[in-house]
Amino acid sequence: MNCGTRTLSSRAESKSHRYSMETGTACYSRGSFLTNVSSKHSTSTAMASSPSIAPFLSSRSLKSSSLFGESLRVTSSKSPPRMSRIKGPSAVTRCEIGDSLEVFLTNATPDKSLIRLLVCMGEALRTISFKVRTASCGGTACVNSFGDEQLAVDMLADKLLFEALTYSHVCKYACSEEVPELQDMGGPVEGGFSVAFDPLDGSSIVDTNFTVGTIFGVWPGDKLTGVTGRDQVAAAMGIYGPRTAYIIALKDAPGTHEFLLLDDGKWQHVKDTYEIGEGKMFSPGNLRATFDNPAYDKLINYYVREKYTLRYTGGMVPDVNQIIVKEKGIFTNVTSPTSKAKLRLLFEVAPLGFLIEKAGGFSSDGTQSVLEKQAYGAFFMAAFAPMAGDCDHNSEKWRGSVCGIVGAPIDEVWDSVSQSSKLSEWMPMVEKCTTLEGEEGIPGYVRLLSGFMFPQDDGERSWIKEKLLFMDRPTFSYVYRMEASNVGLDGSVNSLKLFDYGNDTTLIDWSFEVNPLEGVCKGDIIDYLGFLYKSCINRIEGAIDKNASSKQVEGGASMNT
């Protein structure tokens with residue numbers, strides 16, 4: 001999970017306690033879920049109505065940092081960050097311990113489409129639970145668009161969840177941490193849903209046999225940009241450990257609810273959580289940040305001195321779940337200049353914040369509930385947001401790469417990616433590509449791209465002037481350099497190379513390097529460019545199939561005439 005400082009928590013240890021630390025996401029006892037206490041002097045994000053935080057963090061020691069592209073406001077120790085808890089309806093639903101998942105959902109919500117979606121996701125979670133125990137944990141040749149290595153089990157879980165959403169027939173769009181571009185699932189807009197998920201959070205600890213899990217949030221309609229966590233109609237976790245559990249919260253039903261996977265493959269309702277109370281239990285993520293984040297270091301020392309019990313697994317799903325199950329605790333995930341700890345809003349923070357708040361706890365980014373954050377920034381705005389003290393401005397190039405497999409022969413892929421006239425078919429948000437000088441395919445060729453590839457503050461289109469440095473058909477590779485632009489990436493270079501992956505599939509390897517940018521964080525710009533190029537790879541196969549279908553239609557029409 002990746003983001004700034006945040007907090008998920010219980011109601012707060014006492015209303016009389018002062019909140020003095022800005023948080024990313026965290027869960028704490030009377031609780032909180034804290035993410036991103038960041039930097040030498042930058043904000044800590046924590047939700048804590050707890051004396052555990054107040055002694056160490058003040059407006060003097062913390063500077064404003066940016067989370068998802070919006071600047072976190074520094075608050076004094078006298079004024080608490082705004083936190084909120086989701087309040088369910090006063091009427092108690094007719095749901096009982098021992099009910100099956102289907103019976104529980106039928107009693108909890110009248111929305112049959114939502115019931116179908118959650119049941120289908122439950123089927124996927126059951127299959128993933130088995131696959132986690134038996135699937136390969138070896139790395140693949142690919143990384144996702146956020147720079148994380150994709151393991152075989154990640155990709156398998158990703159595939160199963162997309163299939164479940166398609167099968168539900170009520171999901172319009174879906175995206176995942178592995179495939180962040182919206183995928184059309186074929187469901188309706190009216191009465192349908194859009195789903196964002198992390199297929200296997202904590203996959204790097206699968207081989208050590210630690211608990212891992214799936215996270216997902218459900219939004220109404222066809223929107224996953226411009227939405228907030230509070231717009232969710234449901235959120236859930238699948239937990240794969242000694243027991244397999246399905247944790248669900250519904251917007252219109254009070255509480256957060258646990259279902260256990262039985263030997264017969266059915267889900268049984270085993271626990272409800274409506275309150276998260278006091279308790280000295282803490283799960284401090286990214287402890288490396290204490291090295292150059294004095295505020296976080298003091299906070300951790302406070303927990304140790306006050307004899308809080310350490311309960312940290314290295315996976316956000318089990319650490320947040322223990323707060324719900326034990327009904328107490330605090331989770332923190334904090335950054336520093338040399339130790340990043342990103343949380344992703346749509347895939348992790350918003351769904352987990354929803355589960356915590358429905359369970360009676362709190363979540364915070366330091367100024368407000370994480371459920372108030374708009375998802376648009378999680379993908380785009382954070383890429384260019386300065387974070388005080390967190391930026392790397394050495395003279396070396398900033399480099400990154402992504403890769404992916406396309407289900408088409410290498411010659412067809414090359415014909416699509418090497419022609420400027422086809423660029424808008426597979427490059428997201430490119431509206432137009434114009435030749436400025438030279439001959440396409442020959443070094444020295446210059447083209448102008450325009451569209452919404454990089455969001456501008458004034459809403460205007462972005463433009464990029466690119467020059468071809470190298471293109472070679474025999475090796476299926478090319479290199480372009482940005483000569484000028486209005487996005488601040490002048491001089492950056494992107495290189496594409498194709499490999500025959502067998503069985504009429506192609507491996508695309510896309511690497512890029514950027515000159516260091518003043519006031520912009522290296523990790524953020526690498527994440528955004530990775531997202532952009534990965535989105536391109538995800539669209540190439542569809543563009544090739546569409547062109548093939550068009551040719552077939554044209555050929556049929558010619559024969560008929």
Unique match (being touching a Cys at 6+ places or on another chain (Cβ under 7 Å), modelled with pLDDT of 95 or more and buried (at least 16 other Cβ atoms within 10 Å of the Cβ)) among VAL206, VAL195: VAL195
Being part of a loop (DSSP other than H, G, I, E, B) and over 22 Å from ALA249 (Cβ atoms) is the filter here; which residues of the stretch 279-310 pass it? LYS280, ASN286, ASP292, ASN293, GLU306, LYS307, TYR308
In this structure, does SER535 turn out to be among the hydroxyl-bearing types (Ser, Thr, Tyr), touching a residue at least 40 places away in the same chain (Cβ under 8 Å) and open to solvent by 20 Å² or more (accessible area, probe 1.4 Å)? no
When every residue in the stretch 111-148 that is farther than 22 Å from TYR240 by Cβ, among the small types (Gly, Ala, Ser) and at pLDDT below 95 is compared, the one least open to solvent (accessible area, probe 1.4 Å) is SER145
Leading residue by the ranking (least open to solvent (accessible area, probe 1.4 Å)) among those in the stretch 161-191 that are in contact with an Asp or Glu (Cβ under 9 Å, 6 or more places away or on another chain) and part of a helix (DSSP H, G or I): ALA164
Looking at (1) touching a Ser or Thr at 6+ places or on another chain (Cβ under 7 Å); (2) open to solvent by 60 Å² or more (accessible area, probe 1.4 Å); (3) not in a helix (DSSP H, G or I), which is the one condition that is false for PHE331? (2)
Note down all Cβ pairs under 8 Å where the first residue falls in the stretch 192-206 and is closer than 24 Å to ARG116 by Cα and part of a loop (DSSP other than H, G, I, E, B), the second is open to solvent by less than 10 Å² (accessible area, probe 1.4 Å) and not β-branched (Val, Ile, Thr), and they're at least six residues apart or on different chains. GLY192/CYS171
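Per-residue answers, yes or no, for (1) in a strand (DSSP E or B); (2) of a type in the set (Asp, Glu):
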| site | (1), (2) |
| --- | --- |
| GLU460 | no, yes |
| MET471 | yes, no |
| VAL479 | yes, no |
| ASP490 | no, yes |
| ASP500 | yes, yes |
| ASP509 | yes, yes |
| SER535 | no, no |
Taking the options ASP222, ASP292, ASP231, ASP264, name whichever one is on the phi < 0 side of the Ramachandran plot, exposed (fewer than 15 other Cβ atoms within 10 Å of the Cβ) and of a type outside the set (Gly, Ala, Ser). ASP264
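The values are calculated or read from the model by the stated rules, or taken from the named source; none is laboratory data. Quantities reported herein were computed from a predicted structural model and do not represent experimental measurements. All Cβ positions, even for glycine, are placed from backbone atoms using ideal geometry, and neighbour counts span all protein chains on display. For the accessible areas, the whole protein counts, side chains as well, though only heavy atoms, and no ligand, DNA or RNA atoms are used. Shrake-Rupley method; radii C 1.70, N 1.55, O 1.52, S 1.80 Å.
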